1. Counting just the residues of the stretch 29-68 that are part of a loop (DSSP other than H, G, I, E, B) and at pLDDT 90 or above, which one comes out nearest to Glu12 (Cα to Cα)?
2. Can you name the residue in the stretch 67-98 that is under 30 Å from Gly36 (Cα atoms) and out of contact with any Ser or Thr (no Cβ under 9 Å at 6 or more places or on another chain) and, of all such residues, is surrounded by the most Cβ atoms within 10 Å (Cβ to Cβ)?
3. Select from the stretch 31-48 the residues that are closer than 25 Å to Ser81 by Cα and open to solvent by 90 Å² or more (accessible area, probe 1.4 Å) and list them in ascending order.
4. Within the stretch 40-54, identify whether any single residue is under 14 Å from Ile2 (Cβ atoms), touching a Leu at 6+ places or on another chain (Cβ under 7 Å) and among the hydroxyl-bearing types (Ser, Thr, Tyr), and answer yes or no.
5. Out of the stretch 1-30, which residues are open to solvent by 80 Å² or more (accessible area, probe 1.4 Å) and of a type in the set (Ser, Thr, Tyr)?
Amino acid sequence: MITKTSVLLTWEFPDNYNSPTPYKIQYNGLTLDVDGRTTKKLITHLRPHTFYNFVLTNRGSSLGGLQQTVTAWTAFNLLSSKPSVAPKPDPEGFIAVYLPDANDSLKLSQEYEVSRTPPDPPGAQMPA
């Protein structure tokens, strides 16, 4: 998962793996320590539309140890602010969502589609 300010890194170990040896994740001159039994880490406070090179290494060994590299671009900063919602539905029962203008420097078309499936009425049965 990649957003404009975060990247979720995930990895797998063999079923019989259970090492308390910590790992480290290095990226852009920073280092994060990670518990040796975890299989994911959310990296936050990143910059939008920026290239990152993440390296997961085993802290307990140097040569021949675990080392995995992943590269990622964070997403564009598309919206200048959060969407807002009308305080009450219009006469037809629709709720308006007001979306801010997209970032002009990206040269994107501004088309938004929001859909929602209404919940089933109480007591409704699913077809067999």
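The values are calculated or read from the model by the stated rules, or taken from the named source; none is laboratory data. The model shown is predicted, which means the values in this text are computed figures rather than measured ones. Positions of Cβ are backbone-derived with ideal geometry, glycine not excepted, and every protein chain shown enters the neighbour counts. Just so you know, the surface numbers come from the protein's heavy atoms only, side chains and all, with ligands and any DNA or RNA stripped out. Shrake-Rupley method; radii C 1.70, N 1.55, O 1.52, S 1.80 Å.
1. By that ranking, first place goes to Thr44.
2. We begin by selecting, within the stretch 67-98, every residue under 30 Å from Gly36 (Cα atoms); these are 67-75.
Add one more test, that the residue is out of contact with any Ser or Thr (no Cβ under 9 Å at 6 or more places or on another chain), and what stays is 69-72.
Working: Thr69: 11, Val70: 15, Thr71: 10, Ala72: 17.
Looking at the filtered set, the residue picked out is Ala72.
3. Just the residues of the stretch 31-48 that are closer than 25 Å to Ser81 by Cα, to begin with: 42-48.
Listed by number, the residues that qualify are His45, Arg47.
4. yes
5. Passing the criteria: only Thr10.
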